[in-house]
Amino acid sequence: MQKTFIAALVASCVSTPVSAQKATTAAKAYSATGKQVQVYTTADNSQLRLAATDKLSFKEVGQPLETQPTVFVDPTHTFQTIVGIGGALTDASAETFAKLPKAQQQEFMQAYFSPTAGIGYTLGRTNINSCDFSTDTYTYVADGDKELKTFSIKHDEKYKMPFIKQATAAAGGKLTMYVSPWSPPAWMKDTKNMLQGGKLLPEFRQSWANYYVKFINAYEKAGIPIWGLTVQNEPMAKQKWESCIFTAEEERDFVKGYLGPTLKKGGLSDKKLIGWDHNRDLMFQRAATLFDDPEASQYFWGLGYHWYETWTGSGMQFDNLRRVHETYPGKNLVFTEGCVENFKFDNIGDWKLGERYGNSLISDFNAGTVAWTDWNILLDETGGPNHVGNFCYAPVIGDTRSGKLIYTNIYYYIGHFSKFVRPGAKRIATASSRDVLQTTAFLNTDGKVAVVVMNQTDKEQPFQLWMKGQAAQTTSRPHSIMTMVVN
């Protein structure tokens, strides 16, 4: 890892989560007077990677002019409270990690999960049963065992569970974990196949609902607390890997008739149940179906979504997030998965990889998202392992040939959020007078403000950070992202 990056990160800029209420209280009395601003920058065609680059001071400026490019920030207007930012701890990540030398394993854990020496991940996701990023297809029960008497998580004890436990320790003893199934066991489905879609047979709805409870209880008994779960990964996709189709009505009815009551009966009502877990394109219809039914809605904490609607050429449909948030303000939005597909080792330095992440993170948070989860946190030099050849990029590549870690710019772009926007932070009002400057901002529980500004153009853009009549002058470099921490 770039040692200069580790050295440049200062502990004083990290916010300690206390409570969302403290963030609200701090907002009411916020003033820029006497505040100092530490700028951290990642930029193309430079050595800057989350580097401390500038220290700024506010000066009284009053009314800005239209000729002055400005990013406006107002901490007295707050929005959603942030749960966490992180990634998925899959079989592929765990198995790649196990192949690395001990020194690189330690470096990896610190780089991702330390809030001081790394980028401070606080959120994790993992798979129930196998997914495409597993080296084989597996479940936790014997075929035909409707009563789940043979249920065992022994498969996960070799790689995945030790990996999650190390990550939790590196994060300071707490990692907000949620779980997702890609498919029920083959014998529970009409196709008798975990791959290629298919549907859950009606006679196994209760067994499948019991399966979630068994899994959560087994993980928690093994020392891995589970915060929440999604009903089904990508329920409208027939994939060549593990997949299962649920229409909106089928998901609604499964939750209100089986999964919701079963979680309640099993003493797991506190687990956050997340619906949809698929792309932004169809999410409004899914939200309406799940949340307009009072019996079903009572069980749902929120709606999860991915970014792969770009497969259809429709682009990243952030307005659909806003429509859901406006219509159902009492439900939470969670970005549950995203990655760039079609891995090529020679392209891991492509700057557009990180910019796609920056664009999504800024737009998703501005639309009301409370938690953001990348896909695999680690993959090998092939973009796997993956048992169906669906190779993808990860922020960190573990080259098992050399034993070295390769940090793509995705890692740094996510770090501009995860390191400085801590659990309990509230998003605050922000706006830019130039469309080349994409921005979002947050007030942490310790009173520090984190303002993220991204520039995807080929030109630098001078601007002023304006708060309550005072401004600090700075410049956004070409193809860069910067986080300004107002102390």
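Can you compute log10 of I(q)/I(0) for region 90-233 with the Debye formula, treating each Cα as one identical point scatterer, at q = 0.15 Å⁻¹? So the normalised log intensities work out to -0.77. Here the relative contact order of the chain, from alpha carbon pairs under 8 Å that lie six or more residues apart, stands at 25 percent. About its Cα centre, the dipole of region 84-418 is roughly 720 debye, where the only charges are +1 on Lys and Arg Cβ and -1 on Asp and Glu Cβ. Using the beta-carbon distance between Lys221 and Thr247 and R0 = 51 Å, what value does 1/(1 + (r/R0)^6) give for FRET efficiency, to the nearest 0.05? Calculated transfer efficiency: 0.90.
The listed peptides 87-94, 370-377, 459-466, ordered by packing as a protection proxy, come out as 87-94, 370-377, 459-466 (highest mean of other Cβ atoms within 10 Å first).
With the charge dipole of the chain set up from +1 on Lys and Arg Cβ and -1 on Asp and Glu Cβ about the Cα centre, the Cα lying farthest toward the positive end among the listed residues Ala169, Gln80, Gly368 is that of Ala169.
Rounded to the nearest 0.05, what FRET efficiency is calculated for Ala288 and Ser402 with R0 set to 41 Å and r the Cβ-Cβ distance? Step by step, r from the Cβ atoms, then E = 0.20.
Relative to the longest principal axis of the Cα atoms of the chain, the long axis of helix 318-327 makes an angle of roughly 80 degrees.
Pick out, in residue order, every one of the trypsin sites (Lys or Arg not before Pro) in region 42-147 that is DSSP loop and has at most 12 other C-beta atoms within 10 Å; say none if there are none.
Here no loop site has a sparse enough neighbourhood.
Suppose we keep just the DSSP beta bridges with both residues in the chain; what percent of those would be antiparallel, to 5?
Once the DSSP bridges in the chain are tallied, antiparallel ones form about 60 percent.
Any chance you could give the angle, 0 to 90 degrees and rounded to 10, that helix 102-113 forms with the longest Cα principal axis of the chain? Here the helix axis deviates by roughly 70 degrees.
Once the chain from Lys174 to His77 is taken as fully extended at 0.36 nm per residue, the excess over their C-alpha distance is 31.9 nm.
Applying 1/(1 + (r/R0)^6) with R0 = 25 Å to the Cβ-Cβ distance of Asp346 and Thr457 gives a FRET efficiency near 0.50. Calculation over all alpha carbon pairs of the chain in 20 angstrom steps from 0 returns a P(r) of 24, 57, 18, 1 percent.
Working note: 222 nm ellipticity from helices only, DSSP H runs with n ≥ 4, each -39,500 (n - 2.57), summed and divided by the residues of the chain, gives -7500 deg cm²/dmol to the nearest 500.
Expected output is a single nm value to one decimal: the length gained when fully extending between Gln106 and Lys146, i.e. 0.36 nm times separation in residues minus the C-alpha distance. What is it? Show your work: numbers first, answer last.
Values: separation 40, 0.36 × 40 = 14.40 nm, distance 4.18 nm.
Fully extending the segment from Gln106 to Lys146 adds 10.2 nm.
Taking amide H as placed 1.01 Å from N in the peptide plane, the amide H of Glu242 sits under 5 Å from that of Asp132, each at least 5 places away or on another chain. Of all chymotrypsin sites (Phe, Trp or Tyr not before Pro) in region 88-155, which ones are in loop regions per DSSP and have a Cβ with at most 16 other Cβ atoms within 10 Å? Answer in residue order: Tyr138. Which lysines, if any, have their Cα less than 16 Å from the Cα of Lys404, not counting same-chain residues under 8 positions apart? Within the straight-line cut-off, Lys404 pairs with Lys3, Lys99, Lys102. Over 22 Å apart at the Cα level, from the set Lys238/Lys331; Lys174/Lys419; Lys265/Lys426; Lys59/Lys419; Lys165/Lys199; Lys352/Lys459, are Lys238/Lys331; Lys265/Lys426; Lys59/Lys419; Lys165/Lys199. Panel order for Asp380, Asp446, Asp292, by other beta carbons found within 10 Å of each beta carbon, from fewest to most: Asp292, Asp446, Asp380.
No value in this document is a laboratory result; all are computed from the given coordinates. Computed from a prediction, not measured in an experiment: that's the story for all the values here. When we count neighbours, we look across all protein chains shown, and the Cβ atoms used for this are built from the backbone with ideal geometry, even at glycine.
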